[in-house]
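The values are calculated or read from the model by the stated rules, or taken from the named source; none is laboratory data. This one's a predicted model, so the numbers in the text were calculated from it and none came from an experiment. In this analysis, Cβ positions are derived from the backbone assuming ideal geometry, glycine residues included, and neighbour counts consider all displayed protein chains.
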Amino acid sequence: MPPRLLTAPLTTPAASDAAARAAIFPRVRWMGSKHKLLPHLAQAFADVAPAAGPGSALDAFSGSGVVSYLLKHQGWSVHSNDYLGFPGVVASAGVVNHDTVLSGDDVERILGPAADERDFVRRTFTGVYFTPDDLAFLDSAWSHIDTMSGGGRAVAIAALCLAAARKQPRGVFTLTGDLSRYDDGRRDLRLSLREHFVERVADYNAAVFAGPRECTVSSLEVGELPQRRHDLVYLDPPYAPPADDNDYTKRFHFLEGLSRYWVGDTIMWDTKSRKLPKRVTKYSSRRTIEEAFREVFKQFHDSPLVLSYSSNALPDLETLVRLLREVKDEVEVRRVPHTYHYGTHRSAVRRSVDEYLFLAR
Ligand SMILES: C[S@@+](CC[C@H](N)C(=O)[O-])C[C@H]1O[C@@H](n2cnc3c(N)ncnc32)[C@H](O)[C@@H]1O
């Protein structure tokens, strides 16, 4: 039976309110971020919530963290997971952390003279990214952050990573060397990393709030997550785009390394961008991606599922519905018309995509 497509319903005041509060979460240009879809997600989560109210929710591919943050605002006990470390830090700062902001004294200390002689960032990335002063600041900031713990440490690292992401043209670390051709005068490209850091700390501090439930975080390949029932599992995995790859490490390796000061990492020294090795899973290839989806649906078959999907990607919509029906009786598909407004008019049309939400119970 072909899937019945519904236009996403209007959002209730409660869902709109949660989405508006979540929209302040510090924004990073993460591939596939659902920042723009918050109202529709809030409605979908409210619609699958148990009659007694929100319970435990798993955000299995948490990325920029904004959806976990929305779930926290809606009152769920959130577990955020992503196999990369940077999303884990962001979720620790804004979701797990209920009460710790970075004080003015902490910020002064991190901006002050270095606490040790470390210079890994300068040695590794001079001429690749940022100015010598910016790189020296990253070493020096980490010399202080290394002595911190808990929510304050997470806020500091998240702010440092966001500072680097905002200053890098297009937010991706595939671009190296002289990037002056990207300088369109935007403030984000002109601020020093120190100046960014101060502002990004303020952004994270403003996002910290005490949710009603405990929230937790992990950095696991999705298949390694325990196979237990949740009141909601949100799945936003990488799809296979028609003409590119879906490799997050290639684009965001600098944020990943910076989130742990490259401790335990093996840099690929023969690459211009000094990148980290790609993590290959069944989501990495068009050949195995259908199997990856079948496995993840099976893994969480006894939890209500909400799945995000963009048109123009693999597996296609019909395949996803078929796979979901292997484990779920009721599958609803909501279409959210959605156009990315960037690029020239012609490419904007080409990149026009519809977003879908699957609700499977
Ligand atoms: C589409 S993004 C999620 C976006 C997120 N919902 C947001 O709004 O920012 C997909 C995420 O899945 C993560 N990922 C990719 N393969 C994974 C795997 N096998 N296990 C866990 N996470 C994975 C990526 O690091 C990426 O952050």
Just to be sure I understand the filter: pairs with C-beta atoms under 7 Å, separated by 6 or more residues or on different chains, first member in region 178-191 and closer than 12 Å to residue 168 by Cβ, second member in a loop (DSSP other than H, G, I, E, B). Which pairs pass? 189/183
Sort out which residues of region 18-41 are of a type outside the set (D, E, K, R) and assigned to a helix (DSSP H, G or I), and write them in order of number. 18, 19, 20, 22, 35, 37, 38, 39, 40, 41
Looking at region 49-56, can you tell me whether even one residue there is over 23 Å from residue 329 (Cβ atoms) and either in the same structural domain as residue 233 (by TED's automatic domain parsing) or at pLDDT below 95 (or both)? yes
Can you say whether residue 21 is in contact with a Leu (Cβ under 9 Å, 6 or more places away or on another chain) and under 23 Å from residue 254 (Cα atoms), as far as the supplied structure shows? no
Please tell me if residue 280 is among the β-branched types (Val, Ile, Thr), away from the ligand (no atom under 14 Å from the Cβ) and outside any helix (DSSP H, G or I). no
How do the pairs read when you match residues in region 50-67 that are in contact (Cβ under 8 Å) with a residue 60 or more places away in the chain and more than 16 Å from residue 299 (Cα to Cα) with residues anywhere that are more than 16 Å from the ligand (Cβ to nearest atom) and not small (Gly, Ala, Ser), using Cβ under 8 Å and keeping only pairs 6 or more apart or on different chains? 50/231; 54/231; 55/231; 56/231
Count of region 9-33 residues which are crowded, with 20+ Cβ neighbours inside 10 Å and within 19 Å of residue 354 (Cα to Cα): 1
Exactly one of these conditions fails for residue 46: (1) aliphatic (A, V, I, L, M); (2) within 13 Å of the ligand (Cβ to nearest atom); (3) in a helix (DSSP H, G or I). Give me its number. (2)
Conditions (1) out of contact with any His (no Cβ under 9 Å at 6 or more places or on another chain); (2) surrounded by fewer than 20 Cβ atoms within 10 Å (Cβ to Cβ); (3) touching a residue at least 60 places away in the same chain (Cβ under 8 Å); number of the one not met by residue 274: (1)
Here are 13, 26, 39: which of them is more than 9 Å from the ligand (Cβ to nearest atom) and within 19 Å of residue 211 (Cβ to Cβ)? 26
Any residue in region 98-112 that is of a type outside the set (Lys, Arg), in a loop (DSSP other than H, G, I, E, B) and out of contact with any helix residue (DSSP H, G or I) (no Cβ under 9 Å at 6 or more places or on another chain)? no
Within region 56-67, is even one residue within 16 Å of the ligand (Cβ to nearest atom), touching a Gly at 6+ places or on another chain (Cβ under 7 Å) and of a type in the set (D, E, K, R)? no
Can you find a residue in region 110-125 that is within 13 Å of the ligand (Cβ to nearest atom) and among the aromatic types (Phe, Trp, Tyr)? no
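Yes or no, residue by residue, for (1) assigned to a loop (DSSP other than H, G, I, E, B); (2) within 12 Å of the ligand (Cβ to nearest atom); (3) modelled with pLDDT of 95 or more; (4) touching a helix residue (DSSP H, G or I) at 6+ places or on another chain (Cβ under 7 Å):
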{"position": "229", "(1), (2), (3), (4)": "yes, no, yes, no"}
{"position": "233", "(1), (2), (3), (4)": "no, no, yes, no"}
{"position": "242", "(1), (2), (3), (4)": "yes, no, no, no"}
{"position": "266", "(1), (2), (3), (4)": "yes, no, yes, no"}
{"position": "297", "(1), (2), (3), (4)": "no, no, yes, yes"}
Based on this model, can you work out whether residue 94 counts as touching a residue at least 12 places away in the same chain (Cβ under 8 Å) and not in a helix (DSSP H, G or I)? no
Among the residues of region 190-212, is there at least one that is within 16 Å of the ligand (Cβ to nearest atom) and not in a helix (DSSP H, G or I)? no
The conditions are (1) part of a loop (DSSP other than H, G, I, E, B); (2) within 15 Å of the ligand (Cβ to nearest atom), and residue 320 fails exactly one of them. Which is it? (1)
Give region 160-189 a look and list any residue that's touching a Pro at 6+ places or on another chain (Cβ under 8 Å) and not in a loop (DSSP other than H, G, I, E, B), or say none. 162, 182, 189
